[in-house]
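The structure appears below as structure tokens.
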């Protein structure tokens, strides 16, 4: 999130932070975080740098695995 903000994507960082705040260690918290990561990917993915896209892809994959107990 800090890298997003540093790279000039404050709104994307805020959207991701909103989902991060929902993380509570339970599946529902991970699902909300996954929704936030998917929203950032859909709205901002094309505007992000290559490293930010890779990082966001990894975040989404980890959240997906936490929710569905399987890899993408």
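The numbers here are math on the coordinates, done by the rules we state, and not lab data. Treat the numbers as computed from the prediction; the structure is a model and nothing was measured.
Worth a mention:
- Between helix 50-68 and the chain there is an angle of about 10 degrees, using the helix long axis and the longest principal axis of the Cα atoms.
- Angle between the chain longest axis and helix 27-44 axis [Cα atoms, degrees, rounded to 10]: 30
- Taken along its three principal axes, the alpha carbon spread of the chain comes to 32, 23, 17 Å, from the longest extent down to the shortest.
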